[in-house]
1. Order by neighbour count: ASP174, ASP25, ASP82, fewest other Cβ atoms within 10 Å first, most last.
2. Apply 1/(1 + (r/R0)^6) to the Cβ-Cβ distance of GLN191 and LEU53, taking R0 = 25 Å, and write down the FRET efficiency to the nearest 0.05.
3. Stretch LYS19-VAL60 to full length: gain in nm at 0.36 nm per residue minus the Cα-Cα span?
4. Projecting each Cα onto the charge dipole of the chain (Lys/Arg +1, Asp/Glu -1 at the beta carbon, about the Cα centre), which of PHE169, VAL182, ILE152 comes out farthest on the positive side?
5. Which ordering of ARG129, ARG37 is given by a fewest-first count of other beta-carbon atoms within 10 Å?
6. Can you sort TRP31, TRP40 so the residue with the fewest Cβ neighbours within 10 Å comes first?
7. Count the net charge of all other residues whose Cβ sits under 12 Å from the Cβ of GLU140, scoring Lys and Arg as +1 and Asp and Glu as -1.
8. Please report the net charge: other residues with Cβ closer than 14 Å to the Cβ of VAL164, K and R +1, D and E -1.
Amino acid sequence: MITQSDIKTLFASLLEKIKSEELRDNVVDIWTEGCKRGAWESVDELKKMPFTLLTETRGVSFVEHTIAVTEGALALAQAQIDGYESLPYAIDLDRVIAGGILHDVGKLMEIEKNGQDGYRKSHSGKCARHPISGAILAAEMGASEELVNTIICHAKEGDGRPQVIETVFIHQADFATFNPLVMLKGGQLIQ
């Protein structure tokens, strides 16, 4: 069983950057509940789980992807904070980090082990894509509507929908980690 302590350790370097203790605890609680609902039993299992079933991940795990997206979104936000003489909108860095850690939390319920050293889409995943199931989980666990927006709108479900600025950063960082693998598989990534 994956505990709150396991999640705190797994994402320690990111969680410590969240200034709001309440938000930090909420992120940990949401992840812990997602692990429970998805029947993930150990951190080692999480570290082996691919971040997508849509293309060859070339060894990039779900945990690595989550950290990369969060760090990338944070860097995009910080670049605007540091680079714009007059920031045209407020950026909540706590929400960037929390949203990055949680953006794919629904995959804990969408992906399951297939019993043969591989992975497949779960029944839950067939019923609802991870942005939907992750947003529902987060809302049930008391996440703010703005944080729910970062989860539900980070992927194609957010196309054309109103978004908080933090969702924009998370979306861009997410696709910057996904698209190159799709391009590589299709022979379209120039190396």
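1. Least to most surrounded, the residues fall as ASP82, ASP25, ASP174.
2. 0.55
3. Residue separation times 0.36 nm, minus the Cα-Cα distance, leaves 11.9 nm.
4. The Cα lying farthest towards the positive end belongs to VAL182.
5. ARG37, ARG129
6. Fewest-to-most ranking of TRP31, TRP40: TRP40, TRP31.
7. -1
8. Spelling it out: positives minus negatives among the neighbours equals -3.
Every number here is computed from the coordinates shown, using simple stated rules; none is lab data. Model, not experiment: these values are computed from the prediction. So basically every Cβ, Gly included, is an ideal-geometry build from the backbone, and we count neighbours across all protein chains shown.
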